[in-house]
Amino acid sequence: MSAPTDRLWEEIVYIAYYLHWSFDSILELDHLTRARVIDEIGTINARLDAAGGESQY
């Protein structure tokens with residue numbers, strides 16, 4: 001696999017793991033939207049880590 005293909009798989013697995021979205025749903029997202037979703041997941045995880053794992057939502 002090439003580096004871009006590897007990166008796409010990482011993005012798909014990351015989103016699927018955290019949001020439980022289907023493979024097809026994730027692939028339908030354009031790159032910028034996928035990147036935004038990944039950033040938002042990271043932000044949520046950082047907040048949870050800072051709060052000691054307690055959800056603020």
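Tally time: how many residues in the range 7-29 are loosely packed, with under 10 Cβ neighbours inside 10 Å and modelled with pLDDT under 95?
Within the range 7-29, residues that are loosely packed, with under 10 Cβ neighbours inside 10 Å and modelled with pLDDT under 95 number 0.
Test E40 against the criterion of being surrounded by 11 or more Cβ atoms within 10 Å (Cβ to Cβ), without any contact (Cβ under 8 Å) to a residue 24 or more places away in the chain and charged (D, E, K, R), and give yes or no.
On the way: surrounded by 11 or more Cβ atoms within 10 Å (Cβ to Cβ): yes; without any contact (Cβ under 8 Å) to a residue 24 or more places away in the chain: yes; charged (D, E, K, R): yes.
Against the criterion (surrounded by 11 or more Cβ atoms within 10 Å (Cβ to Cβ), without any contact (Cβ under 8 Å) to a residue 24 or more places away in the chain and charged (D, E, K, R)), E40 qualifies.
Counting only residues that are among the aliphatic types (A, V, I, L, M) and exposed (fewer than 11 other Cβ atoms within 10 Å of the Cβ), how many does the range 43-55 have? Show your work before the answer.
From the range 43-55, those among the aliphatic types (A, V, I, L, M) are 44, 46, 48, 50-51; that's our starting set.
With the extra rule that they be exposed (fewer than 11 other Cβ atoms within 10 Å of the Cβ), the set shrinks to 46, 50-51.
So the count comes out to 3.
The values are calculated or read from the model by the stated rules, or taken from the named source; none is laboratory data. Values in this document were obtained by computation on a predicted structure and should not be read as measured data. We place every Cβ from the backbone using ideal geometry, glycine too, and count neighbours over all the protein chains shown.
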